[in-house]
């Protein structure tokens with residue numbers, strides 16, 4: 001472990017130096033801002049009242065995998081989700097998945 | 001003695017020097033929101049969520065908000081006006097104080113909003129979401145009285161119902177003429193959605209009628225997609241004339257239902273729908289918040305008005321390009337402004353701005369198309385995120401178009417529930 005630590009430190013430094021600005025993990029407030037727009041289609045707190053799928057309370061890993069697949073254009077028949085997810089860094093997508101996984105699956109009005 | 005105002009002025013530094021009990025006894029900060037539409041109602045609701053200690057008042061003269069989105073479905077007879085009307089009861093249940101009154105002017109130095117009856121609401125922060133006003137001086141012959149003969153229907157409500165009645169009274173074989181202004185105006189793809197949905201109504205009820213679109217510009221939002229859809233669904237029922245082909249209307253005779261173009265061509269209509277040039281809502285103009293463009297310049301990180309103090313402006317009234325004047329964007333701007341205000345009053349760091357937009361348009365009831373974008377602030381300006389966003393593909397199959405039509409309905413149900421609360 002002691003020998004590994006400097007290597008990890010160097011790797012972290014390298015990542016910090018090369019990563020784009022958006023590639024840091026968003027703060028809670030920034031994550032809420034990122035997640036806000038999702039509700040305009042997927043409903044209040046991610047619980048949809050209509051034809052859009054609900055996103056609240058789904059497992060974090062499932063959401064993250066799905067959003068990354070949208071981002072990569074890997075889901076046939078996709079309408080807007082690929083266009084939207086291409087605007088999010090992987091760290092931001094992870095934050096979205098964490099945010100909606102933590103919300104109750106059904107919000108009470 | 002440290003007053004509440006000192007506290008607000010000093011922000012985090014002042015708060016840090018005080019013991020918590022003093023803070024707890026301070027009078028609550030007051031935020032007044034003008035306009036209960038997509039931007040204002042979002043700002044009011046989100047402030048309650050983010051900072052329950054702030055007293056929020058929502059000022060709007062109307063008992064309910066009628067959305068421009070989906071009002072084209074009312075024109076087509078596919079929805080009634082009640083289904084696009086949203087009252088403020090759910091917002092009141094959240095603890096928002098509602099004042100049903102028109103805002104007359106802003107006393108900026110006294111930080112008071114003066115209402116139509118002369119009474120005033122004091123505020124620490126003011127949020128304006130005043131929407132658009134028609135520019136009654138911009139198109140010769142088209143003033144407020146003319147709008148009762150040749151409706152704009154660009155604010156939903158009575159104008160929508162008036163145009164609907166005129167369409168219902170149209171004789172078969174009659175000509176519907178729509179005039180469309182140059183950018184910027186509320187809802188860039190809205191006129192073209194309207195064309196398709198009126199055509200849908202005519203196709204079933206007045207199959208020999210025609211629609212002529214006289215446009216002041218040559219390019220418009222989702223143009224290729226709209227034209228593909230019009231052709232597929234309505235054949236030659238729809239004719240669109242751009243600026244280069246003398247589509248720009250410079251004069252209107254509402255009584256005669258005539259639109260006159262720049263080169264003097266007179267188009268006589270049976271139903272004349274004039275969508276005139278627009279500007280920021282009156283309260284923003286009277287307060288000196290607009291510049292020569294007629295719109296309100298804002299700081300992207302907070303949507304604080306550049307020409308005001310302690311005033312944030314959101315929605316269609318602002319200059320927020322490349323964000324369009326859409327309900328989706330107005331809501332996102334309301335969300336950001338409320339987060340920025342809550343952070344500032346609470347002495348916390350401001351959130352990093354982030355927005356999305358998705359505008360669905362219906363070419364027909366089962367034929368939807370969309371444009372989507374992602375926005376951030378880069379180098380002090382709002383910018384689209386490179387590589388993201390875009391429009392629906394041309395030549396997509398009917399299943400794809402039907403899916404986007406279904407999602408358009410899903411979007412409407414979601415965003416209206418998110419802003420005004422679930423329908424009961």
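Listing for the model above:
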{"item": "Verdict on residue A:52 being part of a helix (DSSP H, G or I), modelled with pLDDT of 95 or more, surrounded by 12 or more Cβ atoms within 10 Å (Cβ to Cβ) and within 7 Å of another protein chain (Cβ to nearest Cβ)", "result": "no"}
{"item": "Residue count for region B:406-422, restricted to those that are touching a residue at least 24 places away in the same chain (Cβ under 8 Å) and more than 13 Å from residue B:42 (Cβ to Cβ)", "result": "6"}
{"item": "Sole residue being within 30 Å of residue B:396 (Cβ to Cβ), at pLDDT below 95 and within 11 Å of chain B (Cβ to nearest Cβ), chosen from A:77, A:46", "result": "A:77"}
{"item": "Criterion: assigned to a loop (DSSP other than H, G, I, E, B), under 17 Å from the mean Cα position of the chain (by Cα) and either crowded, with 19+ Cβ neighbours inside 10 Å or within 14 Å of chain A (Cβ to nearest Cβ) (or both) - qualifying residue of B:151, B:69", "result": "B:69"}
{"item": "All strands (runs of 3 or more DSSP E) inside region B:222-308 with 3 or more residues being free of Cβ contacts under 8 Å to residues at least 60 places away in the same chain", "result": "B:238-241, B:258-261, B:296-299"}
{"item": "Residue in region B:312-328 that is closer than 19 Å to residue A:88 by Cα, buried (at least 19 other Cβ atoms within 10 Å of the Cβ) and within 8 Å of chain A (Cβ to nearest Cβ) present", "result": "yes"}
{"item": "Failed item, numbered, when residue B:119 is tested on (1) touching a residue at least 24 places away in the same chain (Cβ under 8 Å); (2) closer than 21 Å to residue B:44 by Cβ", "result": "(1)"}
{"item": "Residue that is under 22 Å from residue B:416 (Cβ atoms) and either touching a helix residue (DSSP H, G or I) at 6+ places or on another chain (Cβ under 9 Å) or exposed (fewer than 15 other Cβ atoms within 10 Å of the Cβ) (or both), where the choices are B:116, B:103, B:90, B:138", "result": "B:90"}
{"item": "Filtered residue count, region B:354-366, keeping only those that are surrounded by fewer than 23 Cβ atoms within 10 Å (Cβ to Cβ) and either in contact (Cβ under 8 Å) with a residue 60 or more places away in the chain or under 21 Å from residue A:86 (Cα atoms) (or both)", "result": "2"}
{"item": "Every residue from region B:381-405 that is in a helix (DSSP H, G or I) and in contact (Cβ under 8 Å) with a residue 40 or more places away in the chain", "result": "B:401, B:404, B:405"}
{"item": "Verdict on residue B:376 being within 14 Å of another protein chain (Cβ to nearest Cβ) and part of a loop (DSSP other than H, G, I, E, B)", "result": "no"}
{"item": "Single residue of B:369, B:415, B:341 found to be in a helix (DSSP H, G or I), more than 7 Å from chain A (Cβ to nearest Cβ) and crowded, with 21+ Cβ neighbours inside 10 Å", "result": "B:341"}
{"item": "Residue, farthest from residue B:268 (Cα to Cα), within region B:212-223, restricted to residues that are at pLDDT 95 or above and in contact with a strand residue (DSSP E or B) (Cβ under 8 Å, 6 or more places away or on another chain)", "result": "B:222"}
{"item": "Unique residue being within 24 Å of the chain's Cα centre (by Cα), facing another protein chain (nearest Cβ under 7 Å) and modelled with pLDDT of 95 or more when the list is B:383, B:408, B:403, B:354", "result": "B:354"}
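The values are calculated or read from the model by the stated rules, or taken from the named source; none is laboratory data. Source: prediction; values computed, not measured. As a convention, Cβ positions derive from the backbone with ideal geometry for all residues, glycine included, and neighbour counts pool all protein chains shown.
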